[in-house]
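Novice: The structure follows.
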Amino acid sequence: MYRLHLCVGKELTVTKTAAGTYDRTYLWDIMKDVDKTYVGAMVGDVITFNYTIKVWQTGISDSNWSLTGKIKVSNPNDWEDIVATITDVYPGGVCTVEGGVDVTVPKGSFVELDYRCTFLDKPSYTGTNTATATWDKATYFTPTGTASGMAEVSFIKDKETNKEIHVTDSYAGALGSVTATDEAPWAEATFTYQRDITAEYTPACMTYDNTATIVETEQSDSASVQICTKYWAFTPGFWKNHTADTRNGHDAWKYTNYATGDLLDDVFDLGVLVGLSPKGTGRTFEESTLLDALRFKGGSGLTGAGEILLRAGVASLLNASFHEKMHGTVVGYFPYSTTEVISKINAVLAIGNPSEMLALAAELDGYNNGWHTIDWTWDPEVLLP
């Protein structure tokens, strides 16, 4: 008697591991502000600026998602090898099994393959990863031609970028650090400092820039302040219109050591102007007074340049004298003493170059256009505090 043995193959079995990772970048912004952006000051004033720097986390950005692991395919049959194709799936990913096509799974043994899933967009950070083996069930006499194995996935952070940032300032130096959070409320911090600037005279306003920077991201913001500095000084028009004869009784000359009737020739060495007459006055420069000089109109040529210089020069002389009498010094109030004003004017009048005369006049005019600060109740015989 013959017996017929029907051999039925057993299904392959699939197990797997799964490790999901991603990189996280922490996003930031920065803002710098100052309590005032413009100050008009007198020379020597100390101006305090209060700066505020705010940094705040704007969110997070994840990237470089990766899901990797091993797939183990076991063959429980002790009488036949099975050739199978191994695939892997995770939602949103493109998964590749290394050497996963036409894999020979030896009888009574197993194969173990590496796989990797990549993602263009953020996947679900938790889920199920499935590996599947498929083969020809007719060839291998198995009930089905497929088997799957699953692993639960939980993505974890791998690399962190800019989680801790450091804030520096172009003036104040290192301000501090801030550490980000992984969810709202986001991290933020405020840094403050003061900067004292002593006002120095410059013909144009001075701008001071300060920049705060996040070192790691190179983000920055700046705050600029402008200081326009003038001396404590008065224009030729002020001195011309504030004499003992002024109707309102506001006599500024009493705060100086000069009188309106003092002759130019008694104060200055008139040099090349000797014998010349200011336009429209009917008298020579030597016969003109300090008050006359403040009324000079100026014009072309040597005479015109002389008028312009003496108009500015007399105002500077009075400004210097004002501080010498009321403060005991010009230091911090006006750039030149009366002696220096006289010396500079005498020097250019001795040379007689109209261009040099006009250049000095322009310099003195810049100083004369200062802060008009005066209290008519001041006692001219008492120094100001």
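The values are calculated or read from the model by the stated rules, or taken from the named source; none is laboratory data. Quantities reported herein were computed from a predicted structural model and do not represent experimental measurements. When we count neighbours, we look across all protein chains shown, and the Cβ atoms used for this are built from the backbone with ideal geometry, even at glycine.
Novice: Name every residue in region 326-350 that is surrounded by fewer than 22 Cβ atoms within 10 Å (Cβ to Cβ), part of a helix (DSSP H, G or I) and without any contact (Cβ under 8 Å) to a residue 40 or more places away in the chain, in order of residue number.
Specialist: T339, E340, S343, K344, A347, listed by residue number.
Novice: What is the number of the single condition among (1) in contact with a helix residue (DSSP H, G or I) (Cβ under 8 Å, 6 or more places away or on another chain); (2) modelled with pLDDT of 95 or more that E218 does not meet?
Specialist: Failed condition: (1).
Novice: I need the full set of residues from region 127-165 which are of a type in the set (D, E, K, R) and under 13 Å from T17 (Cα atoms), in order please.
Specialist: Keep residues of region 127-165 that are of a type in the set (D, E, K, R), which gives 136-137, 152, 157-160, 163-164.
Within region 127-165, just E152 meets the criteria.
Novice: Return the residue satisfying two criteria in turn: it lies in region 80-105 and is surrounded by 13 or more Cβ atoms within 10 Å (Cβ to Cβ) and in contact with an Asp or Glu (Cβ under 6 Å, 6 or more places away or on another chain), and of such residues it is farthest from S63 (Cα to Cα).
Specialist: Of everything passing the filter in region 80-105, V83 is farthest from S63 (Cα to Cα).
Novice: Output the residues belonging to region 34-60 that are under 26 Å from K230 (Cα atoms), part of a strand (DSSP E or B) and not polar (S, T, N, Q). Outline the logic, then answer.
Specialist: Taking region 34-60 as the starting set, the residues that turn out to be under 26 Å from K230 (Cα atoms) are 34-51.
Checking the rest, the ones that are also part of a strand (DSSP E or B) come to 34, 38-42, 46-51.
Within region 34-60, V34, Y38, V39, G40, A41, M42, V46, I47, F49, Y51 qualify.
Novice: For region 46-62: of the residues being surrounded by 14 or more Cβ atoms within 10 Å (Cβ to Cβ) and of a type in the set (S, T, N, Q), which is nearest to T181 (Cα to Cα)?
Specialist: Among them, the one singled out is Q57.
Novice: Which numbered condition trips up F49, out of (1) farther than 30 Å from T198 by Cα; (2) within 33 Å of the chain's Cα centre (by Cα); (3) among the hydrophobic types (A, V, I, L, M, F, W, C)?
Specialist: Condition (1) is where F49 drops out.
Novice: Scan region 267-310 for residues that are within 13 Å of I342 (Cα to Cα), in contact (Cβ under 8 Å) with a residue 60 or more places away in the chain and not β-branched (V, I, T) and jot them down.
Specialist: Hits for region 267-310 are F268, D269, L270, G271.
Novice: Separate question: For region 174-222, give me the residue count where each residue is part of a strand (DSSP E or B), within 30 Å of N368 (Cβ to Cβ) and either hydroxyl-bearing (S, T, Y) or in contact (Cβ under 8 Å) with a residue 60 or more places away in the chain (or both).
Specialist: So the answer is 5.
Novice: Now for a different question. Which one of these is at pLDDT below 95, under 23 Å from the mean Cα position of the chain (by Cα), among the aliphatic types (A, V, I, L, M) and farther than 30 Å from I82 by Cα: A199, A172, A212?
Specialist: On the way: A172 fails: at pLDDT below 95; A212 fails: at pLDDT below 95.
Just a single option satisfies the conditions, and that option is A199.
Novice: So, one more: Take R283 and decide whether it is of a type in the set (D, E, K, R), on the phi < 0 side of the Ramachandran plot and not in a loop (DSSP other than H, G, I, E, B).
Specialist: Details: of a type in the set (D, E, K, R): yes; on the phi < 0 side of the Ramachandran plot: yes; not in a loop (DSSP other than H, G, I, E, B): no.
In short, no.
Rundown of residues vs (1) exposed (fewer than 13 other Cβ atoms within 10 Å of the Cβ); (2) closer than 30 Å to S74 by Cα, yes/no style:
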site	(1), (2)
L120	yes, no
T128	no, yes
A138	yes, yes
P143	yes, yes
S154	yes, yes
E160	no, no
S177	no, no
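Novice: Answer yes if at least one residue in region 235-245 is surrounded by 13 or more Cβ atoms within 10 Å (Cβ to Cβ) and within 26 Å of the chain's Cα centre (by Cα), and no otherwise.
Specialist: Scanning region 235-245, I find no residue that is surrounded by 13 or more Cβ atoms within 10 Å (Cβ to Cβ) and within 26 Å of the chain's Cα centre (by Cα), so the answer is no.
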